[in-house]
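Okay, so here's the structure we're looking at.
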Amino acid sequence: MLRYVVHRVLLAVLVVAGVSIVSFGLLFLSGDPAAALAGDNWTRTQIDEFRHQMGFDRPWYVQYGDFVSHAVRGDFGTSLREHRPVFELLMERMPATLELTGTAFGISAVLGIALGVVSATRRRSLYDRAVLVLTLAGQSMPVFWVGTMLILVFAVRLGWLPIAGMGGLSHLVLPATALGFFPVARNARVVRSSMLEVLGADYVRTARAKGLPGPRVLLGHALRNALLPVVTLLALDIGYLLSGAVITESIFAWPGVGRLTVAAVLGKDLPLVEAAVVVLAAGFVMINLTVDLCYGVIDPRVRFE
Amino acid sequence: MSEIDLRDVARQLAARGPRVTRRALLRQGLSGAAAAAILGASGALSPGGRSAGLSPAAALAASSVGAGPKTLTMAQAGEPSTLDPQFEQSGIIGTYLNAMMEHVMEFDRNLSIKNVLAQTSTPPKDGVTYRFRLRSNMKFWDGEPVDAAAVKFTYERGLSKDNRAKGLSDPVPVLQGVDHVRVVDPLTVEVVTAKPSTLAWPFFCQEFILAPKHYESLSFQDAAIKPMGSGPWRFAHWTKGDRLEMTANADYWRGKPQIDNLVFRTVPDASTRLAMLERGEVDIITDVDPDDLATIRGNAKLRAEAALTTFRVHIGVPCNQAKWKDRRARTALNYAINVDNIIKYVLGGIPKERLRTPVITPGWPNAGIKPYPFDPAKAKELLNAAGFDWNQKVTLYTITSGMKRLDVAQAIVADLKKLGMSRAEVQVLQSADFTSKLKAKEFDDLYLNLLGAPSYGPIEVALPTGDLALDSSHFTDATQNGPKYLEMYHEVRETFDTRRQHDLVNQLQALFMEESAWILLYREAYLFGVNKRTDWRPTSYTRIHFWLPDERDARIIG
């Protein structure tokens with residue numbers, strides 16, 4: 001077990017390093033950051049001086065090495081546009097992103113599993129068909145369209161909720177629902193099909209034959225086994241939610257890390273982009289690692305080798 | 001399994017006590033997710049967000065109609081990266097700072113220069129010394145006087161080599177060629193340029209005067225988020241990415257503004273901004289798409305406003321490239337593109353008319369220069385005479401931001417294709433990459449650009465030289481008229497005689513237009529949606545200003 005964990009942690013470090021190298025390389029190839037950052041009226045000489053001052057004239061691997069050597073000590077550098085430590089900027093925005101993705105994740109997990117279970121236990125009923133339609137629609141509609149529709153219906157027409165911005169529960173409902181819509185649909189479909197398979201298994205029939213109460217059969221024997229593939233999906237949801245948050249944050253004017261990162265990419269703010277990529281990738285990798293390690297706890301048949 | 005009653009499940013689950021088993025772990029996992037949702041929903045994870053949500057000004061923003069403090073909320077697509085005016089020169093930072101900080105002088109609605117902090121302003125008699133007598137009893141929000149020392153501090157901070165090495169990029173003192181600033185007495189200051197330059201004058205409308213003690217005491221990092229000004233609204237709170245709030249400055253030298261709270265919301269999505277305006281969550285929205293004008297005009301509570309800006313939209317023609325070296329080939333482009341149709345059908349007639357010359361300030365355009373008619377036959381004739389290779393690739397570079405920029409680019413390319421340039425195409429660049437190419441003068445083909453300048457003829461003729469703004473046309477170094485233009489431009493810079501200035505500016509326009517280094521199109525318009533309870537109009541130069549010289553402040557009238 002320990003060997004497996006060490007192996008996975010090392011792999012995780014490699015993944016994060018790979019992601020940061022690729023993002024650094026792409027930004028490096030996309031044009032001269034000195035020219036992009038220089039004032040409009042700067043002369044060529046001034047731009048050259050600035051490039052030298054900022055170290056942009058060094059080979060890419062030297063610049064990357066410099067970034068890594070500082071990053072491992074917790075110093076991600078200073079934003080080239082905002083002139084503030086990038087880690088501070090990220091942490092300023094991180095709570096908003098966690099609030100949004102956390103809520104969307106909660107919605108997708110709870111609602112997705114509940115709808116899947118209901119649908120499977122009432123197969124071919126009106127409920128089941130309704131859930132199927134809902135999941136089909138949920139998986140077909142892009143987040144920006146869902147977001148806009150939610151705004152039009154619940155904010156503009158009905159006036160129940162605010163349109164955009166932060167400010168408590170009412171502001172969170174629409175963006176979290178829009179962001180969680182797709183994973184709810186996907187989780188419901190997976191839980192339904194997984195439950196249907198498990199409900200027909202011999203051990204479930206045996207459990208019922210023993211006279212166990214329905215709920216115990218459903219949750220203790222069926223759902224527990226049906227959830228294994230769902231746990232994997234839930235971990236992947238984090239990645240989807242973080243990437244989807246970029247669009248959702250723009251539509252609902254949510255001040256999160258996604259918008260900050262997009263602005264940094266467009267403005268060639270290298271330290272900020274690198275820090276954002278590393279922090280988000282590390283978070284995603286850690287969650288996946290944790291989920292992988294949890295398999296052994298969830299399913300005793302899983303052995304780490 | 002359909003006989004299983006889910007209500008039973010819920011009841012039995014509720015009746016069970018806690019057990020630390022794998023099963024419990026699964027349950028706890030689900031509960032944790034739900035808890036995260038509730039915690040998130042309560043806003044407990046978001047310190048920045050909560051302050052935004054609960055601050056008094058923000059609370060007022062959503063329901064600002066009626067008695068009590070008056071709040072005006074504006075939603076814009078972006079926000080500045082800093083509130084230090086000497087570190088960023090974007091239009092968006094001006095929007096924020098115009099409400100909080102002031103210049104020595106300011107352009108009014110008719111593009112005339114008016115005194116603001118200055119009571120009197122004297123152009124140089126010796127060619128280099130600009131003298132200002134400031135008004136008395138003006139104060140920054142912290143009580144520090146707005147005086148000659150503040151003007152001197154602002155300029156010296158902007159010129160400091162150490163500061164510039166740290167990223168300070170204030171262009172004003174550099175463009176003005178300021179040598180030093182002299183304090184004559186507490187309210188009299190002289191700004192001295194290194195050599196005679198008439199161009200310095202309008203730039204006094206661009207340098208925000210800073211509070212010396214405040215900015216000396218702060219690091220650049222802190223100054224970026226803690227502005228100090230003397231303007232009609234005081235900085236209150238900034239939640240980056242969400243909103244910036246200001247409150248009325250009761251001690252303002254022109255009197256307390258009627259609007260108590262000014263809130264700038266950052267809302268990137270255009271349809272979201274429009275929905276907020278319709279719902280009454282905001283009073284003004286910027287960057288309205290022309291396609292949304294019908295929605296705004298169809299709402300009895302709203303009105304649309306357009307600001308015809310001082311940005312000249314044009315096609316830059318790189319005169320140093322083989323295909324555009326011949327003047328006739330460049331001139332042909334003027335005849336090939338149906339600019340009137342683009343204005344009418346793509347832009348909905350908002351820019352009003354085609355640009356004739358790069359000079360737009362009233363009184364300065366050369367009246368003898370007429371716009372080119374749309375004449376494809378003439379264009380073909382000129383291109384053939386220039387030996388133009390019709391099979392070569394012609395690229396028009398553009399960015400997507402701005403009013404219908406991509407649509408305009410596509411309409412231009414469609415005209416070029418109709419003419420016979422079958423390999424004409426649009427290439428979209430990211431804004432930063434487009435700017436980088438401009439700065440490096442690296443465009444290898446046509447580019448759709450816009451350039452702005454302070455409204456003053458002698459400055460506007462500086463645009464094609466690259467001295468003032470980014471131009472990649474190589475007009476001055478790759479055309480016949482270029483060197484002569486530069487020579488005359490340097491003369492106009494040092495000429496203070498008004499009649500001679502007009503004469504030179506007229507000649508410069510003729511020289512420039514003869515070369516067709518730019519295919520002039522129209523003045524960029526900015527569209528706004530405004531709640532009718534708001535007494536506010538945009539302006540040409542600053543676009544968004546809530547208290548212009550010689551006018552009363554913007555007001556809530558509903």
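Here, each number is a calculation from the coordinates, and none is a lab measurement. Computed from a predicted model, the values in this text were never measured in an experiment. Methodologically, a virtual Cβ is constructed for each residue, glycine included, from the backbone with ideal geometry; neighbour enumeration extends over all protein chains shown.
Things worth noting here:
- Amide H contacts under 5 Å for B:N299: none, restricted to partners 5 or more places along the chain or on a different chain, H placed in the peptide plane at 1.01 Å from N.
- Most to least packed among A:9-16, B:79-86, B:127-134 [average Cβ atoms within 10 Å]: B:79-86, B:127-134, A:9-16
- Two-site FRET efficiency, B:K325 against A:D75, from Cβ-Cβ distance with R₀ of 45 Å, rounded to 0.05: 0.30
- Gyration tensor (alpha-carbon) shape descriptor, chain A, a/c threshold 1.5: oblate
- The simple spin-label model puts a point 7 Å past each Cα toward its Cβ; for A:V13 and B:R533 those points are separated by 6.0 nm.
- Amide hydrogen neighbours beyond the local backbone of B:R234, cut-off 5 Å, H modeled: B:T247, B:A248, B:N249
- Listed cross-link partners B:K256/B:K301; A:K268/B:K437; B:K166/B:K437 are compared with a 19 Å cut-off, the Cα-Cα value being larger for B:K256/B:K301; B:K166/B:K437.
- Spin-label zone in the range B:277-300 - amide nitrogen under 17 Å from a point set 7 Å from the Cα of A:R157 along the C-beta vector: B:278-279
- Across q = 0.18, 0.24 Å⁻¹, the range A:44-130 modelled as identical point scatterers on its alpha-carbon atoms has Debye log10 I(q)/I(0) values of -0.92, -1.13, in the order of the q list.
- Two-site FRET efficiency, A:Y127 against A:R58, from Cβ-Cβ distance with R₀ of 60 Å, rounded to 0.05: 0.40
- Annotation: for a label point projected 7 angstrom from Cα along Cα→Cβ of B:E551, residues of the range B:303-331 with backbone N closer than 18 Å are B:303-311.
- Per-residue average of Cβ from other chains inside 10 Å of A:219-226: 2
- Cα→Cβ-extended label distance, 7 Å offset, between A:Y295 and B:A236, nm: 5.4
- Per-residue HN-Hα couplings for the range B:193-204 [Karplus 6.51, -1.76, 1.60; θ = phi - 60°; Hz; x = Gly/Pro]: 8, 5, 9, x, 8, 6, 6, 5, 3, x, 6, 5
- Under conditions of 20 °C and 1.002 mPa s, the range A:83-227 yields 124 µm² s⁻¹ as its translational diffusion coefficient, taking Rh as the Kirkwood radius over Cα pairs in the Stokes-Einstein equation.
- Rounded to the nearest 10 degrees, the angle from helix B:22-42 to the longest Cα principal axis of chain B is 50 degrees.
- Against the rule of thumb 2.2 N^0.38 Å, how large the Cα Rg of chain B comes out: 1.15
- Each of B:P318, B:G402, B:S219 was placed along the dipole of the protein assembly as shown (beta-carbon charges, centred on the mean Cα), and the one lying farthest toward the positive end is B:G402.
- Violating pairs (Cα-Cα greater than 31 angstrom) within the set B:K152/B:K404; B:K439/B:K484; B:K152/B:K441: B:K152/B:K404; B:K152/B:K441
- Debye log10 I(q)/I(0) for the protein assembly as shown, one point scatterer per Cα, at q = 0.05 Å⁻¹: -0.34
- Shielding of B:163-172 by partner chains, average beta-carbon count, 10 Å: 4
- 3J(HN,Hα) along the range A:90-104, derived from phi through the Karplus expression 6.51 cos²θ - 1.76 cosθ + 1.60 where θ = phi - 60°, amounts to 5, 5, 5, 8, 4, x, 5, 5, 5, 4, 5, 5, x, 5, 4 Hz, with x in place of Gly and Pro.
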